[in-house]
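See below for the structure under consideration.
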Amino acid sequence: MARIAGVNIPTNKRVTIGLRYIYGIGPTKAAEICSRLAIPDERRVNQLSDDEVLRIRELIDREFRVEGDLRRENAMNIKRLMDLGCYRGLRHRRGLPVRGQRTHTNARTRKGKAVAIAGKKKVTK
């Protein structure tokens, strides 16, 4: 099992798919890493040599911001908005959609489960 950036990469998957298990590496970056290190697309993680795993690890450490650093940076960006008291920060603080989506209906992912209001009558149209 290859361990890169503190993440165990599944051994039976292709390298480009396995690299996506690292937070901050998606399809494009995974393909870029493989092309820069001349690793074929059909190669599996368990077929990588120790030298290739080491080269992948060094490239990711040197060129990309992943895992803990990236999570910390995202959290700090959100905290900065909240401390400023700007509109986006207030939306984060209240747990509402940040990017202008409607909240009259929908937005259940951010708002949580709907709570019934006691004594409210349903309006028929």
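The values are calculated or read from the model by the stated rules, or taken from the named source; none is laboratory data. Just so it is clear, the structure is predicted and the values come from calculations on it, not from any experiment. Here Cβ is always computed from backbone atoms with ideal geometry, including for glycine, and neighbour counts include all displayed protein chains. The area values use the complete protein model at the heavy-atom level, side chains included, leaving out ligands, DNA and RNA. Shrake-Rupley method; radii C 1.70, N 1.55, O 1.52, S 1.80 Å.
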Could you look at the chain and say what percent of its accessible area is carbon and sulfur, using a 1.4 Å probe and all protein chains?
-> 50 percent
Computed from the beta carbon distance with a Förster radius of 30 Å, FRET efficiency for ALA38 and ASP69 to the nearest 0.05 stands at 0.65
Dimensions (Å) - the chain, Cα atoms, principal axes, largest first | 68, 36, 21
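At 222 nm, what value in deg cm²/dmol follows for the chain if DSSP H runs of at least 4 each add -39500 (n - 2.57) and the sum is divided by all its residues, to the nearest 500?
That calculation yields -13500 deg cm²/dmol at 222 nm.
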In degrees, nearest ten, helix 50-63 long axis to first principal axis of the chain (Cα) = 50 degrees
Can you give the extra length, in nm with one decimal, that the chain gains between ASN77 and GLN47 once fully stretched, where that is 0.36 nm per residue apart less the Cα-Cα distance?
-> 6.9 nm
Can you pull the Kirkwood radius for the stretch 2-57, inverse mean 1/r over Cα pairs, to one decimal in Å?
-> 10.9 Å
Find which of TYR21, SER35, LEU48 sits farthest along the positive direction of the dipole of the stretch 11-125, computed with +1 on the beta-carbon of Lys and Arg, -1 on that of Asp and Glu, about the Cα centre.
-> TYR21
